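The structure appears right after this line, and notes come after that.
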Amino acid sequence: MKRRILLHSLLAIPLVACVSPQLIAQDVLRIAGVESSADSAAGALVLEEAYRRIGISIEIEWLAPAEALEAANSGRLDADLQRIDGINQTFTNLVQVQIPVNFLEAAAFSKDHRFTASGWASLEGYSVGYVRGIVFAEQRAQGLDATPASDYESLWNLLEAGDIDVALMPRISGRTMARERSSDIIDMDGVLEILLSLSLRSRKQRLPGSPSGD
């Protein structure tokens, strides 16, 4: 884990050259993060170090995934912690910094099925669960027998109850939950890897003394 965070920290150092003057003028950068996500927690450590180097403090508000996106896109918060490339095509108030601060390995987890998830096509014929607002999972679940959950805890509960066959999650988050809950749910090998980047508000970025909303 320490080696992973060090690698991400080195990747994120160029972030300091991509920060707008408006953000530098702020006392605190308020960022939306995905709650109960070990992957997001790792990304938060990277951003804290990157912005510390240019004298900006960050405060992370941990929210359900869909709520986090909406908070950043609407301007209630200044930024979203980490999202897949291209998210700004749907959430048009967000501008991505094209320096990755984290990466995730999208993985499949199951309780009752033991097969190698060797690509998205290998999940056809199985009921799949995903978390609303986790965009890579929403996109890949299209066309599958898919059930949405509000957060990772709810998704894991669906899997443990046998309501779905497979849960789509970042590998680090799924393995952390399996360890913490002493679960017999297993990681079914990798599906794909996606680079994530910090998504920043493009308009009405909050300046010191200004309202936090639009």
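Okay, here's what the table says:
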{"item": "Note, ³J(HN,Hα) from phi for segment 114-128, Karplus 6.51, -1.76, 1.60, rounded to Hz, x at Gly and Pro", "result": "10, 9, 7, 7, 8, x, 4, 5, 5, 8, 4, x, 10, 7, 10"}
{"item": "Estimated vicinal HN-Hα couplings, Hz - segment 91-101 in sequence order (Karplus 6.51, -1.76, 1.60; Gly, Pro = x)", "result": "9, 6, 8, 9, 10, 7, 7, 7, 10, x, 9"}
{"item": "Cleavage-rule hits (chymotrypsin sites (Phe, Trp or Tyr not before Pro)) in segment 27-135: DSSP loop, at most 14 neighbouring Cβ within 10 angstrom", "result": "Phe115"}
{"item": "Accessible surface, 1.4 Å probe, highest first, among residues Asp145, Asp78", "result": "Asp145, Asp78"}
{"item": "Dipole moment magnitude, nearest 20 debye, segment 39-108 about Cα centre, only Lys, Arg, Asp, Glu C-beta charged", "result": "200"}
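The values are calculated or read from the model by the stated rules, or taken from the named source; none is laboratory data. Please read all numbers here as calculations on a predicted model, not as lab measurements. Heads up, the Cβs are rebuilt from the backbone with ideal geometry, glycines too, and the neighbour counts pull from every protein chain shown. Please note that ligands, DNA and RNA were not included when accessible areas were found on the heavy atoms of the full protein model with its side chains. Shrake-Rupley method; radii C 1.70, N 1.55, O 1.52, S 1.80 Å.
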